[in-house]
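As structure tokens, the structure follows; a few thoughts come after it.
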């Protein structure tokens, strides 16, 4: 359970399932940062190490099925691609229902993954999609019966994510700069998240004398490459790599503008968190982001267009009407909260168990 949207979703929603369901969290490789954190907090987190390497272990599903029987598990809900493969096979062997939660859009998926996903979807008793668009894609591309699919969006904890009561105080506490505009993003440092375009836009703004800094919340395989790019673009002193931070909320509340330039997304939890924190949002015009913000949101830009992103950042600084327009659009963007989404999830579980 690394820091990620699917993991945060599982941990936050499960606490609202009520007495009918007892949620256990199973990690197939290692506990990870969130797994360790949840276990330390007293949640039932288990390590069933059937996926130690990138290669799929043919005996892993059997070992997982044995664990499910031993622990008297009634239903399995899997949250990511490789978990789907093990979970659906193990659930079938254990004679219990499986729920597959498709967290990503279907774009740019390699053929081998498509075949694996097709098998997981066929074995699943119920399929969850983050948005109606993804539900339609699953039905069309994989011939999943419409009646087998439910839309269950990502959700956030209402008690953690809200507008900052005192942004300056939060910045002082976190050791962040007080002056100028602080934009930021919360995402794994991975090619799909497209952090490089933020650095390129920042360089364009600095060349114009605009006082802007960027905060990257998260870590990943591209950190060294992004640090080099910041040096090459002469903005290294303007980019703060914060790494993985928990809790996330104060770091978002410290920002003036939230930027999500991803190449593709499912339904990004960080975007929902930013909207709930009352931040003006600038985001790439891709399916996952428009599912949250709407296709007419004025802060949308093509993922590779650094000049357009720079113009939008400058406008959010210098034009109060534009910043207000961003927030006005976002007030009409419904933010799903954990308690409400837990009710949807309970209904899916009850249908699968029936």
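Once the Cα atoms of helix 111-123 and of the chain are each reduced to a long axis, what angle between those two axes, in degrees from 0 to 90 to the nearest 10, is obtained? Value to nearest ten degrees: 50.
Oblate is the label for region 1-80, because a/c, from the alpha-carbon gyration tensor with a ≥ b ≥ c as root eigenvalues, is 1.5 or above and a/b does not exceed b/c. The distance from the alpha carbon centre of region 121-175 to that of region 179-223 is 24 Å, rounded to a whole number.
For the pair residue 207 and residue 53, label points projected 7 Å from Cα toward Cβ lie 4.8 nm apart.
Take the Cα of residue 190, step 7 Å along the line toward its Cβ, and report every residue of region 113-145 whose backbone nitrogen sits under 20 Å from that point. So the set is 113-118, 120-121, 128-131, 134-135, 138.
Could you work out how far helix 5-14 tilts from the main Cα principal axis of the chain, as a 0 to 90 degree angle to the nearest 10? The helix 5-14 is inclined about 60 degrees to the chain. For region 250-344, the mean projected area of the C-alpha convex hull, equal to one quarter of the hull surface, is 6.3 nm².
Neighbour counting of Cβ atoms within 10 Å sorts the residues 251, 67, 111, fewest neighbours leading, into 111, 67, 251. The calculated 222 nm mean residue ellipticity attributable to helices in the chain amounts to -13500 deg cm²/dmol, summing -39500 (n - 2.57) over DSSP H runs of n ≥ 4 and dividing by all residues. Hey, what angle do you get for helix 306-318 against the long axis of the chain, alpha-carbon based, 0 to 90 degrees rounded to 10? Tilt of helix 306-318: around 70 degrees. The alpha carbon gyration tensor of region 167-331 gives principal lengths a ≥ b ≥ c with a/c below 1.5, which makes the shape rounded. Between residue 40 and residue 351, the distance separating the two model label sites (each 7 Å from Cα on the Cα→Cβ line) works out to 3.9 nm. Under the classification rounded if a/c is under 1.5, otherwise prolate if a/b is larger than b/c and oblate if not, where does region 1-137 fall, given a ≥ b ≥ c as square roots of the Cα gyration tensor eigenvalues? Rounded is the answer for region 1-137, as its axis ratio a/c remains below 1.5. Highest mean first, the peptides 308-316, 328-336, 278-286 sorted by other C-beta atoms within 10 Å per residue fall in the order 278-286, 308-316, 328-336. With the gyration tensor restricted to C-alpha atoms of region 189-283, the semi-axes of the equivalent ellipsoid amount to 21, 16, 13 Å, longest first.
Quick note: the coordinates plus some simple rules give every number you see, no bench work behind them. Everything numeric in this text was worked out from a predicted model, so none of it was measured. Neighbour counts are summed over all protein chains in view; Cβ atoms, including those assigned to glycine, are modelled from backbone coordinates with ideal geometry.
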